[in-house]
Amino acid sequence: MNEFLPLESPAQPPVFSVSEITRAVRGVLEEGFGEVWIEGEISNYRKQASGHQYFTLKDDGAQLSCVLFARGGVWRRQVPLEEGMQIRARGRLTVYEARGQYQLNVQSVEAAGAGLLQAKFEALKRRLQAEGLFAEERKRPLPRFPATVALVTSPTGAALRDMLNIFARRAPWLRLIVAPVRVQGEGSAEEIAAALTELNDWEARNLPRADVIIVGRGGGSVEDLWEFNEEIVARAVVASTIPIVSAVGHEVDFTICDFAADLRAPTPSAAAEIVAPDGTELRRHLGQLANRVEREARGQLEAAAQHLDFASEELSRALRQRLGDLRTWLAERAASLRAHRPDQVIRLRRQEIASRETDLQKCFAVTFQRQKERLTRAAAHLRLLSPEATLRRGYSITTLADGEVLKSPSEVSAGQRLVTRLAEGEIASRVE
């Protein structure tokens, strides 16, 4: 740093170049103040294509030039800067030597008080609510048994780890799609909205279709969660054809995304609990359904067998009645012929009776044979449908140790005992 020469009554004041005196003033300013917080109102706001932002902080009595350089991670945007905004800026005072002008090199910015953020939140909420984006009638129920779940969140955050652990515990068969996004900082809202759009455009992007989407992050300050209060995120949530669960922050935190989503969960972990069905309860329910189906099938077979027995008895009784009627008719005809004693008529009637008797016997034989074959086929069909017949064809039934029928390999774990029932006996085994 250039040094000032003392000014105590020199015989001749020192002569400096403009650059020398400016650098000297810069050194005194930077060393004398260090890092400072300055509060004021933004005016003359300009943002360059490079990302650098220039503005003036002013109050009733003075103004100060400020520059916020786009240096990727050196500063963290809390809210968008705009003309007339009241802010607090943290940075270092320095001198812009080319103009001989002192300025504040800003490192971070925050709104001057929570009131401004709350006002922006309430204004956007009222506007979107007036458009009907938060209407309950447009919200859809979540699928009870989803097959694929998409997670729009930070790939490095604790929220993702918590959700993955819960899904692994409750529903390990679920397919999970992780759409990694930044959840705070400049451009994060656009990333979140783009991820939701891509998941809805699953066919064009050759992705599996998600049955439900969870979007969110872990807890933080109002400023940390602000990306989920951006309009672009709310509209992407509403435009989704896939149901969306918003899980932002802690239970006490509310964002615009929460109001736009089909369901708000108090935390990301709670969202996973809501979306994932309980595997233990599901297996128990499926076992109950399997037992119920087996009981009903057995009842149907028994009822069908009883019906066939009844039908066979009814048919035999009807045939016996028909034969009895025919014998009575023949006896009456014979008696009538004997009473009239016309030889020729008798011969003709005998021939006619003999012919009818032959026809009736043939008809009876054919009818009886058909009914017998029908009953035989029905009985064979019932035998084929029985569990014993299935086993005799080479199939088997595998159950758990408690007798519950095994439907899928995912229902068993290593070391678990199984019993396989064959046509002749059973085989006990253990899963490796």
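All of the numbers you see were taken from the coordinates with simple rules; none came from a lab. Note that the coordinates shown come from a computational prediction; the quantities given were computed from them, not determined experimentally. Ideal geometry is used to build each Cβ from the backbone, glycine not excepted, and the neighbour counts take in all protein chains shown.
The angle separating the long axis of helix 343-385 from the principal Cα axis of greatest extent in the chain is about 30 degrees. As a length-normalised measure over Cα pairs under 8 Å and 6 or more apart, the relative contact order of the chain settles at 9 percent. Under a Gaussian network description of the chain, with springs only between Cα atoms under 10 Å, the residue in Gln306, Gln103, Gln12 that fluctuates furthest is Gln12.
Comparing Glu35, Glu332, Glu136 in a Gaussian network model of the chain, where Cα atoms under 10 Å apart are tied by springs, the biggest mean-square fluctuation is seen for Glu332.
Since only Asn44, Val28, Gln107 are under comparison, the one whose Cα sits farthest along the positive direction of the charge dipole of the range 18-112, derived from C-beta charges on Lys, Arg, Asp and Glu, is Gln107. Bridge orientation summary for the chain: considering DSSP beta bridges with both residues in this region, about 65 percent are antiparallel. By how many degrees, between 0 and 90 and to the nearest 10, does the Cα long axis of helix 158-170 differ from the longest principal axis of the chain? On a 0 to 90 degree scale, this one is about 10.
Label separation (Leu382 vs Phe310): 1.2 nm, computed from points 7 Å beyond Cα along the C-beta direction. Summary value for the range 118-277: 27 percent relative contact order, contacts being C-alpha pairs under 8 angstrom separated by 6+ residues. Would you mind estimating how fast the range 387-432 diffuses translationally, via Stokes-Einstein at 4 °C and 1.567 mPa s with the Kirkwood radius over Cα pairs, in µm²/s? Using the Kirkwood radius from Cα pairs, D works out to 118 µm²/s. Rank Pro172, Met85, Gln288 by how far each Cα sits towards the positive end of the charge dipole of the chain (+1 on Lys, Arg Cβ; -1 on Asp, Glu Cβ) and give me just the farthest. Farthest towards the positive end: Gln288. Rounded to the nearest 20 debye, the dipole magnitude of the range 387-432 is 120 debye, with +1 charges on Lys and Arg beta carbons, -1 on Asp and Glu beta carbons, and the Cα centre as origin. The charge dipole of the range 18-112, taken about its Cα centre with unit charges on the Cβ atoms of Lys, Arg (+1), Asp and Glu (-1) only, comes to about 400 debye.
Calculated mean residue ellipticity, 222 nm, the chain: -15000 deg cm²/dmol, from DSSP H runs (n ≥ 4) at -39500 (n - 2.57) each, averaged per residue and rounded to 500.
The alpha carbons of the range 281-385 occupy a box of 90, 19, 12 Å along the principal axes, longest dimension given first.
The charge dipole of the chain, taken about the Cα centre with unit charges on the Cβ atoms of Lys, Arg (+1) and Asp, Glu (-1), comes to about 4060 debye, rounded to the nearest 20.
Scaling against 2.2 N^0.38 Å puts the C-alpha radius of gyration of the chain at 2.04. Need the C-alpha centroid separation for the range 116-132 versus the range 225-257, integer Å. First find each Cα centre; the distance between them is then 13 Å. Considering only Arg26, Arg99, Arg349, the mean-square fluctuation computed in a Gaussian network model of the chain, springs between alpha carbons under 10 angstrom, is largest for Arg349.
In the range 387-432, taking the dipole from charged Cβ atoms about the Cα centre, the farthest positive-side position among Thr390, Leu400, Ile427 is held by Thr390. Each Lys or Arg adds one and each Asp or Glu takes one away; over the other residues whose Cβ falls under 14 Å from the Cβ of Gln321, this sums to +1. As I understand it, the value is the acute angle between the Cα axis of helix 18-33 and the longest principal axis of the Cα atoms of the chain; what does it come to in degrees, rounded to 10? Between helix and principal axis, roughly 60 degrees.
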